Amino acid sequence: MSAAKTERLMNLLIMLLVQKRLVPKNRIRDILYPGMSDEAFDKMFERDKEELRSLGVPVEVGQLDAFFDDEPGYRISPDEFALPEIDLTADEAAVVGLATRVWEHQKLARATTEAVRKLTAAGAEIDLDALQIAQPRLPADEPAFDVFFEAIVARTVVEFDYWRTGAAVPAVRRLQPWGVTRYSGRWYVLGLDLDRDAERVFRLSRVQGEARKVGKPGAYTIPEGTDIAAATRRLAPDLSTEPVVVLARTGAALPLRRAAGTVETDVEGPDTRTGWDRLTLLRASVGVADEVLGFGDAVYVEAPASLREQVVARLTAALAR
């Protein structure tokens, strides 16, 4: 999806979301589609409206006057647009992903500001509180998120280097992405693995380098009835129930300290010296290896042994390269 189209869709979404009443079509045209011919506007507006609906946005249509069958009006009900925070269907994941990027990406944040500015300048009666339902409670902070989300909308194959647990080097994967969702604090993409001709799930934090859209848009269709959240729970690795215990140098690894249930201070570390703290984390070990590696030699994994072996394998592979 181009930046111009993304911004146009976001302008339309925000305009219909913050309105307290149905918005007539001619008002939408004057504010968001100025200078277009009747035919060009009708075609583009219908495409944009249906694209929002395909993402799960409930665009309503109704009569402006109950007594006269005149021009219809449009709006998005905040109550209908509000979504669950964690268990997302394929369409809901797309909507949450879209709303999240509005506030986290400068170019789309600009679309939000511009839409509100245009509405205010036009004298529209708007409800800014409606924007609260779309604020990003699920931060889409993975570098590959945008590529996969855009590919899902355009139905484009994505090629990427993926680091599987226990592997010495990343492997190239080709995926028809069906949807993205949050599971156990991590973003996953679900789709058809073209090399294995099977449904697979991939954790976005394990994508190495830049994911690449390949081929033409509209290359595939998402199987009807696909439940992205349920499939991800089924295919993702089982969550470990073992406690995660790490040693951290005093003053280091603040994010891990915030996640710790207990902290034992001034203990002997792997270098047989004091000045370390023992942290027991209140979460499963899935994804902890990525965090630990980010702190370098300031963190050492004590338990579970499988997590320590995973960290050592990743470091060994990095040195080999």
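The values are calculated or read from the model by the stated rules, or taken from the named source; none is laboratory data. This structure is a prediction, so every number in the text was calculated from the model and none was measured. Positions of Cβ are generated from backbone atoms using ideal geometry, with glycine treated the same way; all protein chains shown enter the neighbour counts. Each accessible area value is taken on the protein alone, full model and side chains, heavy atoms only, with ligands, DNA and RNA left out. Shrake-Rupley method; radii C 1.70, N 1.55, O 1.52, S 1.80 Å.
With respect to (1) closer than 30 Å to Ala303 by Cα; (2) crowded, with 19+ Cβ neighbours inside 10 Å; (3) among the aliphatic types (A, V, I, L, M), the lone exception for Ile228 is condition (1).
Gly261 - would you say it is open to solvent by 60 Å² or more (accessible area, probe 1.4 Å) and either of a type outside the set (Val, Ile, Thr) or in a strand (DSSP E or B) (or both)? I'd like the intermediate steps shown before the answer.
On the way: open to solvent by 60 Å² or more (accessible area, probe 1.4 Å): no; either of a type outside the set (Val, Ile, Thr) or in a strand (DSSP E or B) (or both): yes.
Spelling it out, it is not the case that Gly261 is open to solvent by 60 Å² or more (accessible area, probe 1.4 Å) and either of a type outside the set (Val, Ile, Thr) or in a strand (DSSP E or B) (or both).
Is it the case that Asp195 is of a type in the set (Asp, Glu), assigned to a loop (DSSP other than H, G, I, E, B) and at pLDDT below 85?
Spelling it out, it is not the case that Asp195 is of a type in the set (Asp, Glu), assigned to a loop (DSSP other than H, G, I, E, B) and at pLDDT below 85.
If the condition is being open to solvent by less than 10 Å² (accessible area, probe 1.4 Å) and without any contact (Cβ under 8 Å) to a residue 40 or more places away in the chain, then the stretch 146-197 contributes Leu175, Pro177, Gly191, Asp193. When Glu39 is tested against (1) within 30 Å of the chain's Cα centre (by Cα); (2) surrounded by fewer than 20 Cβ atoms within 10 Å (Cβ to Cβ), only condition (1) is not met. Between Ala313, Ala318, Ala303, the distinction of being in contact with a Pro (Cβ under 9 Å, 6 or more places away or on another chain), of a type outside the set (Phe, Trp, Tyr), closer than 29 Å to Val169 by Cα and surrounded by fewer than 16 Cβ atoms within 10 Å (Cβ to Cβ) belongs to Ala303 only.
Listed by first and then second residue, the pairs with beta-carbon distance under 8 Å, at least 6 apart or on different chains, first residue in the stretch 30-41 and free of Cβ contacts under 8 Å to residues at least 60 places away in the same chain, second in a helix (DSSP H, G or I) and among the aliphatic types (A, V, I, L, M), are Tyr33/Met44; Met36/Met44.
Screening Arg234, Arg278, Arg308 for residues that are modelled with pLDDT of 80 or more, part of a helix (DSSP H, G or I) and farther than 20 Å from Val201 by Cβ leaves exactly one candidate, Arg308.
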